[in-house]
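> Quick one: this structure, given as structure tokens, is what I'll be asking you about.
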């Protein structure tokens, strides 16, 4: 369990640290009073703050649970305003855990405050003129700190860099980590705190409006490491109802905080790597990923029907019917999209470049949540594979809008289209360079068996025809003038300089923000 704790804490700490839009006036006054060691004034300000009603109930509930995560008379080191001053408000205005000694890392930057604190908290064994790093080292030194009986905890928002040297001695107990040179059953403590001490009703059903719900949702993400650890415990002990509740609660918190894809990956059924379908291998995934920046890679094509079908087949194999029902695609009646005059033509004429439902064409009619679940699944496939891999761990996800634009531009700053020489939609023969809903006929393109597929290097200025043939034997043109009436295979036309196909044209592509898509539409 301890090993799992370390992974979870250091995975989430650093990406979940929130910035909260707080009641600035009260917090500024509290900072001044605490810095001066005037606890009487601190108490008066907290009572005034509570009476004003200018506080976040969600943030108070979070800090209540943080205080309930520590032992009696503990030293609790906090990192930010959002996990310091609301906790003080609870202590001084509502008499919630006044025994806990809150120490702010922000205030510890001030040496004068460190000197005041040493006397106030009975830390007389620490030199008054020590630096902040020396102060912390003294607190965590068992040979020195044994003169005090106060246990030491760190809030879950604490900067991980401050704790890196002692991370093996940190044990998660809720919304705090206990420093302990000797191992103990922190999972039992976590379970007791969650089941008997915490207030969780506000996480599952909230009736009170928040002035800044986005900020509160980000703060709540700090619950995730504890919930995942406790979920693992409930699952191992066969307490399925409790495990299911923890899973639902974790996903609810993650969804509100914009981290559902990452968190959902923890709840994928744990299977031996040999039981996971290997049609999408790490080697194949790596081959298809093109570097966009130091730590960002993008798939070279839109997700294909064949790739997505592998995902659905795996869900079916593992009898995950609930997720299968959510992720299934809606079918399109392609014939009904054609002019009535040609709907009765043979399929080989109507779909001369391949059927849109064929494995090599991009998948369509997928919900945003289904796309996120595919990302979580393919992340698991890669990370769990015993095959030789370029990366030890990766995270597949939908790109942000900014990331998509960066990848689509392919290194071009001002060109409106992604291909080299990207100020035109046609090549020198008048052939379209993407699958658009074009109205004008193509230029003098040479006839080909499969005119759509053209993967030659555009830097060689290859004048390969990439549109529909100009002379059609049919009374109506059954494909758009740009080469495809419907969607075309994902690796069609020319890639941009990053090696990415169809970032302009073919199908629109989802991004991380629900309801938004980028790129073009099929002709």
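The values are calculated or read from the model by the stated rules, or taken from the named source; none is laboratory data. Here the structure is a predicted model, which means the values were calculated and not measured. Backbone-built Cβ (ideal geometry, glycine too); neighbour counts: all protein chains shown.
> With the requirement that a residue be in contact with a helix residue (DSSP H, G or I) (Cβ under 9 Å, 6 or more places away or on another chain), exposed (fewer than 13 other Cβ atoms within 10 Å of the Cβ) and more than 12 Å from residue 61 (Cα to Cα), what does the stretch 189-207 give you?
Scanning the stretch 189-207 gives 195, 204.
> Please count how many residues of the stretch 208-232 are surrounded by fewer than 20 Cβ atoms within 10 Å (Cβ to Cβ) and under 17 Å from residue 267 (Cβ atoms).
Total meeting the criteria: 1.
> What's the number of the condition residue 254 fails, among (1) outside the structural domain of residue 506 (by TED's automatic domain parsing); (2) touching a strand residue (DSSP E or B) at 6+ places or on another chain (Cβ under 8 Å)?
(2)
> Then there is this: Confirm whether residue 62 is farther than 18 Å from residue 103 by Cα and buried (at least 23 other Cβ atoms within 10 Å of the Cβ).
The answer is no for residue 62.
> Could we say that residue 239 is under 22 Å from residue 60 (Cβ atoms) and touching a helix residue (DSSP H, G or I) at 6+ places or on another chain (Cβ under 9 Å) here?
no
> Out of all the residues in the stretch 23-71, which are closer than 29 Å to residue 204 by Cα and not in a helix (DSSP H, G or I)?
Scanning the stretch 23-71 gives 23, 53, 54, 55, 56, 68, 69, 70, 71.
Condition check ((1) over 28 Å from the mean Cα position of the chain (by Cα); (2) surrounded by fewer than 21 Cβ atoms within 10 Å (Cβ to Cβ); (3) at positive phi) across all residues:
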residue	(1), (2), (3)
289	no, yes, no
309	no, yes, no
322	no, yes, no
331	yes, yes, no
355	yes, yes, no
362	no, no, no
366	no, yes, no
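> Surrounded by 13 or more Cβ atoms within 10 Å (Cβ to Cβ), touching a strand residue (DSSP E or B) at 6+ places or on another chain (Cβ under 9 Å) and within 19 Å of residue 267 (Cα to Cα): does that describe residue 186?
So residue 186 does not fit the description; no.
> A further question on this structure: From 285, 316, grab the single residue that is without any contact (Cβ under 8 Å) to a residue 24 or more places away in the chain, out of contact with any strand residue (DSSP E or B) (no Cβ under 7 Å at 6 or more places or on another chain) and closer than 22 Å to residue 267 by Cβ.
Unique residue meeting the criteria: 316.
> Quick check: anything in the stretch 399-406 at pLDDT 85 or above, closer than 30 Å to residue 263 by Cα and in a loop (DSSP other than H, G, I, E, B)?
yes
> Something else: Which of the numbered conditions does residue 373 fail, given that it passes all the others? Conditions: (1) surrounded by fewer than 21 Cβ atoms within 10 Å (Cβ to Cβ); (2) outside any loop (DSSP other than H, G, I, E, B).
Every condition holds for residue 373 apart from (1).
> Among the candidates 211, 261, which residue alone is at pLDDT below 95, assigned by TED's automatic domain parsing to the domain that holds residue 62 and more than 21 Å from the chain's Cα centre (by Cα)?
When all the criteria are applied, what remains is 211.
> Please count how many residues of the stretch 397-417 are within 23 Å of the chain's Cα centre (by Cα) and without any contact (Cβ under 8 Å) to a residue 60 or more places away in the chain.
1
> Being assigned by TED's automatic domain parsing to the domain that holds residue 201, at pLDDT 75 or above and outside any helix (DSSP H, G or I), is that true of even one residue in the stretch 80-89?
yes
> Sort out which residues of the stretch 273-286 are surrounded by fewer than 18 Cβ atoms within 10 Å (Cβ to Cβ) and at pLDDT 85 or above, and write them in order of number.
283, 284, 286
> Given the conditions (1) touching a helix residue (DSSP H, G or I) at 6+ places or on another chain (Cβ under 7 Å); (2) surrounded by fewer than 19 Cβ atoms within 10 Å (Cβ to Cβ); (3) farther than 17 Å from residue 82 by Cβ, and given that residue 171 satisfies all but one, which numbered condition is not satisfied?
(2)
> If you check 171, 153, 202, 192, which single one turns out to be farther than 30 Å from residue 33 by Cα, assigned to a strand (DSSP E or B), in the same structural domain as residue 33 (by TED's automatic domain parsing) and at pLDDT 70 or above?
Just a single option satisfies the conditions, and that option is 171.
> Right, here's the next one. Determine whether the stretch 355-367 contains at least one residue that is in the same structural domain as residue 514 (by TED's automatic domain parsing), over 26 Å from residue 398 (Cβ atoms) and in contact (Cβ under 8 Å) with a residue 12 or more places away in the chain.
yes
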